[in-house]
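Below is one structure, written out as structure tokens, with a few remarks after it.
Laboratory data are not the source of any read-out in this text; all were calculated from the coordinates shown. Please read these numbers as outputs of a predicted model, since none were measured by experiment. Every residue, glycine among them, receives a Cβ derived from its backbone with ideal geometry; neighbour counts consider all protein chains shown.
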């Protein structure tokens, strides 16, 4: 099973709202990722968790707050977003790199619109 | 620093034509990994292939084939007898650290019936 699931599929939120994106995988992967993708652009890495610990934060604004409750789940908490944060948010998972680079398996994404 | 260049922004072909998507990469590391991903309109990135820098063997998987040439720093992807379902954005990516993928800008492939 190479499936990564993400909920919700679509989200519209106001600038004062608080919402969360959820991601789940059952492939036994211990590395999980959040990406942001704008239209007609490649995905941009936001965060990496390795063994449930945050290992990479690509200088993402604090209005985005990741959380990894366990090895299968990854959340992205959103608060006070700006309209320019509207994008497709992709979750991915992989075997833990440890010097190698494994393929990442992506979820279908959450299409976020900030009004 | 790493860089991936996909010079073809958009390609349009007619069904059953063969099409090659180009990917040129730059890195000073001797150990690196190359990937191709497909992103259909639904949005999900689908993993297609992973290649490490020590394995220059070309690979064929059904209608898909990949040509890795270290001498020209290229990792090109060919679809034989294209089909409408192949219409998607294709990304080439490079990794040297394991976690970070450096993506190219992507090539939008449209296969017309």
- Query: Taking Cα pairs under 8 Å and at least six residues apart, what relative contact order does chain A come out at, in percent?
  - Reply: 37
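Quickly rank A:8-20, A:101-113 as a protection proxy: mean count of other C-beta atoms within 10 Å, highest first. If you can, show how the numbers build up before the last one.
Numbers: A:8-20: 13.0, A:101-113: 21.5.
Final packing ranking: A:101-113, A:8-20.
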- Taking the Cα centre of each part, how many Å lie between the range A:2-35 and the range B:54-113? 27
- Item | Average beta-carbon neighbours from other chains, 10 Å sphere, peptide A:86-93 | 1
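Quick one: if you take sqrt(5λ) for each eigenvalue of the C-alpha gyration tensor of the protein assembly as shown, what semi-axes come out, biggest first, whole angstrom? Walk me through the numbers on the way to the answer.
On the way: eigenvalues 180, 89, 47 Å².
Square roots of five times the eigenvalues give 30, 21, 15 Å.
Could you list the square roots of 5 times each eigenvalue of the Cα gyration tensor of the range B:25-81, that is, the equivalent ellipsoid semi-axes, sorted largest first and rounded to whole Å? Walk me through the numbers on the way to the answer.
Numbers: eigenvalues 94, 43, 17 Å².
Working from the Cα gyration tensor, I get semi-axes of 22, 15, 9 Å.
Per the Kirkwood definition applied to all pairs of different Cα atoms, how many angstroms is the hydrodynamic radius of the range A:1-52? Walk me through the intermediate numbers first.
On the way: mean 1/r = 0.0758 Å⁻¹.
Across the range A:1-52, the inverse of the average 1/r is 13.2 Å.
Projected area of the range B:11-52, taken from the Cα convex hull and averaged over every viewing direction, in nm²?
Values: hull surface 17.5 nm².
Hull-based average projected area comes out at 4.4 nm².
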- Run a plain Debye calculation on chain B (Cα atoms as equal point scatterers, no solvent) and give log10 I(q)/I(0) at q = 0.22 Å⁻¹, rounded to two decimals, same order as the q list. -1.25
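Take peptide B:39-46, look around each residue's Cβ out to 10 angstrom, count Cβ atoms belonging to other protein chains, and average those counts. All intermediate terms of the calculation are to be shown ahead of the outcome.
On the way: counts 7, 0, 0, 3, 11, 9, 12, 3.
The shielding value for this peptide is 6.
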- Task: Per residue of B:92-105, count partner chain C-beta atoms within 10 Å of its C-beta, then hand back the mean as an integer.
- Result: 5
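Give me Rg over Rh for the range A:44-92, both radii from the alpha carbons and Rh done the Kirkwood way, two decimal places.
Working: Rg = 11.0 Å, Rh = 11.7 Å.
We get a ratio of 0.95 for the range A:44-92.
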- Task: List the equivalent ellipsoid semi-axes of the range A:30-115 in whole Å, largest first, each obtained as the square root of 5λ for an eigenvalue λ of the Cα gyration tensor.
- Result: 22, 14, 11
